[in-house]
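Structure, as structure tokens:
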Amino acid sequence: MTELPSRTDVLVVGAGPAGSGAAAWAARAGLDVVVADAATFPRDKTCGDGLTPRAIAELDRLGLAEWARGRVSNQGLRAHGFGQKLYLRWPGGNLPDWGSAVPRTVLDNAIRDVAIESGATALDGLRAVDVRWESGKVAAVVFTRGKEHVEIGCERLVIADGVRSQLGRVVGREWHRDTVYGVAARSYSDSTMSEDPWISSHLELRDEAGEVLSGYGWVFPLGGGEVNVGVGTLATAKRPADVQLRPLMQFYADSIREDFGLSGPLRMPTSAMLPMGGAVSGVAGPNWALIGDAAACVNPLNGEGIDYGLETGRLVADLLAEKADLGTVWPDLLREHYGEAFSIARRLAGFVTVPRLLPTLGPVGMRTDWLMTLALRWMGNLVTEEDRDRAARVWRWAGKRSIRLDERPPFS
């Protein structure tokens, strides 16, 4: 087994896009960095594998944009539903005008390699189970490796261990389910549409009884004869998702099999429950911070989390280099960057869970390209701080007013 370092400046727990991104940026800032993961890489993760222009922008910062384009690229979303089919190009602006889709076994490994190349030490097979405290700070993380317990000391701790965030719970993270959350399942299939220049989303997702569900199905081309096929639905504590995900995914795949040239059985089916829109509290302490999925940085309107994982990894690394008090600065920074957008997004997503609302409004929205193009931009949060057009101003205006109505604003 690899000899473990006894101590490091920055310890990152979780080597997905958020953790490996944070490790890369912290190492580039000259810090001694260790990034540890419970799995042995390459490893899989439940995900649609889609990379929006927002995610591509972050991969470009890391030096991976052309690598992603070289695998497969797409020019926008093909939206199906309510008797319509719309082709909606990515809006571009201050973000790239293209997207991609890369299996997480490949993507996460590539970002982790960037962290290693930047100077971080990567460790496999270490499951974080506890911390050791000293004077209110995390002095070390306790891991299990096989049958033994080991410990790595740290000056700063970044927690990026995913949606369940076992270590996050240890340091006080709490998920609040009073706002919308997601449940999703994904699989892989052979397809004649694997080189399709569009990702596809079926906004009229029906169950076997013909009822319209508050969610969508997707087909994301991966190249090489393969696509990612999945379904996701939205829920709240008051209106939980009463669906069997894997049978629903199979039913959805069967319904589109001919149109998308699917063949053979669905492979590697997995499912997950997703906290969304910053619906967690306890995201930071004096010398630790939660990022990415662990901090519920998942878009409530489309389930996208890779972009936010990469962004929060970069943002937290800046604070690590500045040696800021993370307990105060990190929640404020998350609210500054995502609070308003997450607030309005989870409010809109919550409306979708209201029975009969989607079947009523869906046909109206799908009749107009310009309205759906606007919805694509808002749903993907493809609005940057530099954007000054009317759509961006409206989105920010709505976010400011939404957050004033929140009983529990994001990250609180």
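The values are calculated or read from the model by the stated rules, or taken from the named source; none is laboratory data. Predicted model only: the values in this text are computed from it and were never measured. Cβ placement follows ideal geometry from the backbone for every residue including glycine, while neighbour counts extend to all protein chains displayed. Note: accessible area is taken over every heavy atom of the protein model, side chains too, but ligands, DNA and RNA are not part of it. Shrake-Rupley method; radii C 1.70, N 1.55, O 1.52, S 1.80 Å.
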- prompt: Are any residues in the stretch 152-195 open to solvent by 10 Å² or more (accessible area, probe 1.4 Å), small (Gly, Ala, Ser) and in a loop (DSSP other than H, G, I, E, B), and if so, which ones?
  reply: 160, 162, 172
task: Report whether or not residue 378 is at pLDDT below 80 and under 18 Å from the mean Cα position of the chain (by Cα).
output: yes
message: residue 116 - would you say it is without any contact (Cβ under 8 Å) to a residue 12 or more places away in the chain and not in a strand (DSSP E or B)?
response: yes
field: Test: residue 63 is surrounded by fewer than 16 Cβ atoms within 10 Å (Cβ to Cβ), under 30 Å from residue 376 (Cβ atoms), at pLDDT 95 or above and not hydroxyl-bearing (Ser, Thr, Tyr)
entry: yes
task: Could you pull out the residue among 334, 319, 361, 315 that is modelled with pLDDT under 80 and surrounded by 13 or more Cβ atoms within 10 Å (Cβ to Cβ)?
output: 361
message: in contact with a strand residue (DSSP E or B) (Cβ under 7 Å, 6 or more places away or on another chain), closer than 30 Å to residue 347 by Cβ and at pLDDT 95 or above: is that true of residue 158 in this structure?
response: yes
task: Would you check if there is a residue in the stretch 122-137 being in contact with a Pro (Cβ under 8 Å, 6 or more places away or on another chain), open to solvent by 30 Å² or more (accessible area, probe 1.4 Å), of a type outside the set (Ser, Thr, Tyr) and part of a helix (DSSP H, G or I)?
output: no
- prompt: Can you tell which of 92, 70, 21 is part of a helix (DSSP H, G or I) and modelled with pLDDT under 95?
  reply: 70
- prompt: If only one of 272, 253 is within 29 Å of residue 70 (Cβ to Cβ), in a helix (DSSP H, G or I) and among the hydrophobic types (A, V, I, L, M, F, W, C), which one is it?
  reply: 253
- request: Quickly run through the stretch 199-220 and pick out the residues that are open to solvent by 30 Å² or more (accessible area, probe 1.4 Å), of a type outside the set (Gly, Ala, Ser) and in a loop (DSSP other than H, G, I, E, B).
  value: 203, 204, 207, 208, 211
- request: Could you please give the count of residues in the stretch 185-206 that are over 24 Å from residue 98 (Cβ atoms) and either touching a Phe, Trp or Tyr at 6+ places or on another chain (Cβ under 7 Å) or modelled with pLDDT of 95 or more (or both)?
  value: 5
task: Find the residue count for the stretch 385-399, including only residues that are open to solvent by 20 Å² or more (accessible area, probe 1.4 Å), within 23 Å of the chain's Cα centre (by Cα) and not aliphatic (A, V, I, L, M).
output: 3
- prompt: Is it the case that residue 212 is over 30 Å from residue 288 (Cβ atoms) and under 22 Å from the mean Cα position of the chain (by Cα)?
  reply: no
- line: With criteria (1) within 19 Å of the chain's Cα centre (by Cα); (2) over 27 Å from residue 15 (Cα atoms), residue 225 comes up short on (1)
message: From the list 57, 101, 29, 68, exactly one residue is open to solvent by less than 10 Å² (accessible area, probe 1.4 Å) and either closer than 27 Å to residue 320 by Cβ or free of Cβ contacts under 8 Å to residues at least 60 places away in the same chain (or both). Which is it?
response: 68
- prompt: In the stretch 280-302, which residue that is small (Gly, Ala, Ser) and in a strand (DSSP E or B) is surrounded by the most Cβ atoms within 10 Å (Cβ to Cβ)?
  reply: 289
- request: Would you mind telling me which numbered condition in (1) farther than 23 Å from residue 327 by Cα; (2) open to solvent by less than 10 Å² (accessible area, probe 1.4 Å); (3) β-branched (Val, Ile, Thr) residue 141 fails?
  value: (1)
query: Of the numbered conditions (1) under 28 Å from residue 269 (Cα atoms); (2) out of contact with any strand residue (DSSP E or B) (no Cβ under 8 Å at 6 or more places or on another chain); (3) without any contact (Cβ under 8 Å) to a residue 24 or more places away in the chain, residue 85 satisfies every one except a single condition; which is it?
result: (2)
message: Criterion first (farther than 19 Å from residue 197 by Cβ and surrounded by fewer than 20 Cβ atoms within 10 Å (Cβ to Cβ)) does residue 73 satisfy it?
response: no
